[in-house]
Amino acid sequence: LEEAGVDDDTLIIIAGDHGEGFGEHDELEHGFLLYNSTLRVPLIVSSPRAQQPGHREAAPVSLVDVLPSVLDCLEIPATGRFGGASFKPALDGQPIEPRTCYSETIAAFAAYGWAPLKSITTADWKYIETTHSELYDLRTDPGELQNLFDAKTEQSDAMRQLLADMQAQMVEAQLDEVAL
């Protein structure tokens, strides 16, 4: 980029697509479970216009936030409907609004007929919806080892409703034709 003379005009974003289970929660790879060992990925942004280089943001963001952030950084108006929110303020060292991150996997369902998994993660809590739902307090249990679903019924109900509300806002898209 320096040799081409475009390093001062180039936004670089590096993101992992998934983590990897190395035995955490008995998952040896990825795709079957929704714990942070496979959901948390590196997200590195280099922006020549960033006001706070080296800033590390603690608030959760999602890969679905990358597109709105790119558009915001490049000052391109967002058109159409898509999920996510810009994390551009974090590049300037500003706080970003807390957000709820959605995850799902159907890999175990497709491979073995197990129940699909859906989850939401806030700054403090993780809820996984399945046949035996799970709730974790990420402040005290970042490794997601103590399922509080039955012990914290009010919080479990609130997270279940938050997931239902988020799903209600989702728009299913169908392709008219897929070329193979």
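The values are calculated or read from the model by the stated rules, or taken from the named source; none is laboratory data. Everything numeric here is computed off the predicted structure, so don't read it as measured data. In this analysis, Cβ positions are derived from the backbone assuming ideal geometry, glycine residues included, and neighbour counts consider all displayed protein chains. Just the protein is used for accessible areas: all its heavy atoms, side chains included, with ligands, DNA and RNA removed. Shrake-Rupley method; radii C 1.70, N 1.55, O 1.52, S 1.80 Å.
Below is a table of values for the structure above.
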{"quantity": "Contact order relative to length of segment 80-180, as percent, for alpha carbon pairs under 8 angstrom and 6 or more apart", "calculated": "14"}
{"quantity": "Within the accessible area of segment 59-166 (1.4 Å probe), percent carbon and sulfur", "calculated": "56"}
{"quantity": "By average C-beta atoms within 10 angstrom, highest first, the peptides 87-98, 6-17", "calculated": "87-98, 6-17"}
{"quantity": "Segment residue 132-residue 56, extension gain: residue separation times 0.36 nm, minus the distance between their alpha carbons", "calculated": "23.9 nm"}
{"quantity": "Simple label model, 7 Å out from Cα along Cβ direction - residue 4 to residue 74, nm", "calculated": "1.3"}
{"quantity": "Options (i) 27, 19, 18; (ii) 31, 20, 18; (iii) 38, 24, 14 - which one matches semi-axes √(5λ) of the Cα gyration tensor in Å as calculated here", "calculated": "(ii)"}
{"quantity": "Relative contact order [Cα under 8 Å, 6+ residues apart], the chain, whole percent", "calculated": "14"}
{"quantity": "Student exercise, segment 94-180 dipole from Lys, Arg, Asp, Glu Cβ charges, in Debye to nearest 20", "calculated": "160"}
{"quantity": "Residue-normalised accessible area of the chain, given per residue in Å² at a 1.4 Å probe", "calculated": "68"}
{"quantity": "Positive minus negative residues near residue 100 (Lys, Arg vs Asp, Glu; Cβ under 15 Å)", "calculated": "-2"}
{"quantity": "Whole-Hz ³J(HN,Hα) from phi, Karplus 6.51 cos²θ - 1.76 cosθ + 1.60, for segment 5-10, glycine and proline x", "calculated": "x, 10, 5, 7, 10, 10"}
{"quantity": "Length added when fully stretched, residue 85-residue 41, from 0.36 nm per residue minus Cα-Cα", "calculated": "14.1 nm"}
